[in-house]
1. Write out, first by first residue and then by second, each pair whose Cβ atoms fall under 8 Å of each other, whose residues are 6+ apart or on separate chains, and whose first residue, in the stretch 368-383, is more than 16 Å from residue 406 (Cβ to Cβ) while the second is small (Gly, Ala, Ser) and assigned to a loop (DSSP other than H, G, I, E, B).
2. Please specify each residue of the stretch 190-208 satisfying the condition of being farther than 18 Å from residue 338 by Cα, part of a loop (DSSP other than H, G, I, E, B) and not basic (Lys, Arg).
3. Sort out which residues of the stretch 373-398 are outside any helix (DSSP H, G or I) and closer than 18 Å to residue 293 by Cα, and write them in order of number.
4. Taking residue 401, is it outside any loop (DSSP other than H, G, I, E, B) and over 29 Å from residue 254 (Cβ atoms)?
5. Filter the stretch 638-663 down to residues that are closer than 19 Å to residue 596 by Cα and of a type in the set (Gly, Ala, Ser), then give me how many there are.
6. Consider residue 581 carefully, then state whether it is open to solvent by 30 Å² or more (accessible area, probe 1.4 Å), farther than 20 Å from residue 298 by Cβ and in contact with a Phe, Trp or Tyr (Cβ under 8 Å, 6 or more places away or on another chain).
7. From the list 320, 294, exactly one residue is in contact (Cβ under 8 Å) with a residue 60 or more places away in the chain and surrounded by fewer than 23 Cβ atoms within 10 Å (Cβ to Cβ). Which is it?
Amino acid sequence: MADGTKAVVDTSAADGAADEAALAAAIDELADGTARATAAGSSTDERSAKSAGKASTGAGKTAATGKAPVSAKGASGGEPADEHDTDADAGTADAEEPAEDGGPASEAPAVAEETSEITAPLSATEIAAELAAGDAARRAAESAGSTRSTDRPAAKRPPRDPQPTHDPRDTATLPQTLPAPLRHSGDLIGHRYRLEECISSTETFSSWRAVDEKLRRAVGVHLMAAGHQRARKVLAAAKSAALLGDPRFVQVLDAVQEGELVYVVREWLPHASDLAKLLADGPMEPHEAYQMVRQVTDAVAAAHRRGQAHLRLTPRCVLRTDSGQYRINGIAVDAALRGLPTEDAERSDTRAIGALLFAALTHRWPYPEDRYDLQGLPRNIGEVAPDQVRAGVHKGLSELAARALLDHPPHHAEPITTPEALARAIALMPRIRQPEPELPVFTNPPRHNTHALPTAPNPTRVVAAPGTAPAPVAAPVRRAGRRLRRVVKVTAWTVALGAIGVASWQLVDSMRPGSTAAAVPQPSSTTATPSAHAATHDPVPIAVKEAISFNPLGDGPEGSSSLPKAIDGDPSTEWITNWYNDPFPRTKEGTGLLLDLGSAQPVSKVALKFGTPTTAELRVPGKNVANPPTARPGDFTVLGKQAGTTIEYELDEPVTTRYVLVWLTSLSQNPSGTKDAGKYQAHVLDAKVFG
């Protein structure tokens, strides 16, 4: 199979299907007139048919394969068989059972995992369990005459990836298994979405890349039969996910039942890469792993506060965009498509985040099974922290992953059981600095003789005498650097001596009677060396390309709809933050407005106007900040701090930057008689940047 696991049939589903088949046979006998005339006789026949159907389930499988029947319970009798059971006998039995037409059993449809734009794919055993629910009744009827069985003691199972195949409590009257609707490339769904490529196909649903012909954009589409038992849950999950409105999640755009078809339409990110692809070449650097777990945890914690859970958070669901922002795919919908239970949702999502961080630090999947192109841990290793699997792992991140993933972390550490608690633990960690970029190696450019006069030979070139081996060149880069510094020093001394000489001559000349030195313009020290920003420079307005809500300490962007009003040049319009019951920093450290200039430009002045008195800091990104919109407040350098309704920051020297952050550290209460009176809120009327 695609992920290297074997298929396991859940025989509890087969028993139920056999009961239904036996009851249907008894009803057919009554309809044909072959049943007994009395009601008591009919009841006896039905009970006999049920007993025969149950007995034939295990007996038929034993006769077909010569092996012991596969039990739906584990060795302890209390755990249901899940998708990662690698029992060799079960896999053999599934492969050898005949299909209805006498040929070999049909294989599970292949799952394409070459793109990150799909819901997290089913494993091999999940697909086999889907097939088993529909074929169990037919296999039981054909093999009812055989009762041979072989007893074998159950082996002790190692820890497994806790992702069940279906919800055992789902006992509605609708069919538990219906085939996915058959569609082809070019079909039009809902008179709007044209299917282009089938990304994933299972027995229950299929996932497609499609085009929204109304808005001319790429979208993702999940298709399911409307009569399926999970269809209503899928629609409900998709609609609740659409109401979440958090940009850190891939957005659900539409969820519709149309005739016998249910389809869910979601956002498509063509240039994003999922975490499984990012880990293909090895583990992540500590800073990148920290950014991933922080962003994912903050998003999942915010979703849980609004009553939403993911329940199937895998490396295929975590996507990184070109800007370095992480987004989560399949919130609530992935679990509904697979019928996963919703009990203990907070612990399930916290454990899943711990598994993601474990994989990012070690390049290993923290369970015995090989998953998502990652090798699993040895079966006898037990519960271990990442730094016990791979050397050089960041200690703080290793402890964090162990506390989130394991029920009994090493060194008697307290386990973390909720995303909210995990987010607080991440916030308390010391900041992990981004690694310094490697400087390019300097090489001397080739000399081109453009003058008639001869020039000195290249000093980095050594000509060896005939018959001798050439001597190695000793550090040409370092020698060139010393040479450049020497030239700069000589030039500086020359300029300084020249300035001193001119000043001395003017001083002597001014002391002579009738001197006209006062009429001669006096050269200043600033004219000796050119300056990028003279003292008499008049500030020039710089157009702000975009205003971004910078709220890394909150649940999401603030005042998204009114952000353009902060930079429209009209003081009568305003950008308003969320309101707070308590002032900063009691509620949180602050919130901000990030101004994107479009490109790096020299900034010498920033002017702000507020509707109410506000305290704000002017900050710019530090040298090591790769993506300022996703950075933390501590990653920025403070250039000034002022309070009031009209604030101007005038810098002594221009600062070249693309992003300017207005970090709000103190808000005022809204006046009485206004909307949200008494609440703490910021009103930014105008923000201007000058170069």
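The values are calculated or read from the model by the stated rules, or taken from the named source; none is laboratory data. Quick caveat, the model's predicted, so the values are computed rather than measured. So basically every Cβ, Gly included, is an ideal-geometry build from the backbone, and we count neighbours across all protein chains shown. Only protein heavy atoms, including side chains, enter the accessible area calculation; ligands, DNA and RNA are left aside. Shrake-Rupley method; radii C 1.70, N 1.55, O 1.52, S 1.80 Å.
1. Cβ pairs passing all conditions: 369/4; 370/4; 371/123; 373/280.
2. Scanning the stretch 190-208 gives 190, 191.
3. Correct list: 385, 393, 394.
4. When the stated conditions are applied, residue 401 passes them.
5. Adding up the residues that qualify gives 1.
6. Answer is yes for this residue.
7. 294
Here's the yes/no breakdown for (1) in contact with a Phe, Trp or Tyr (Cβ under 8 Å, 6 or more places away or on another chain); (2) in contact (Cβ under 8 Å) with a residue 12 or more places away in the chain; (3) closer than 13 Å to residue 550 by Cα:
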{"residue": "593", "(1), (2), (3)": "yes, yes, yes"}
{"residue": "601", "(1), (2), (3)": "no, yes, no"}
{"residue": "606", "(1), (2), (3)": "yes, yes, no"}
{"residue": "610", "(1), (2), (3)": "no, yes, no"}
{"residue": "624", "(1), (2), (3)": "no, yes, no"}
{"residue": "639", "(1), (2), (3)": "yes, yes, no"}
{"residue": "666", "(1), (2), (3)": "yes, yes, no"}
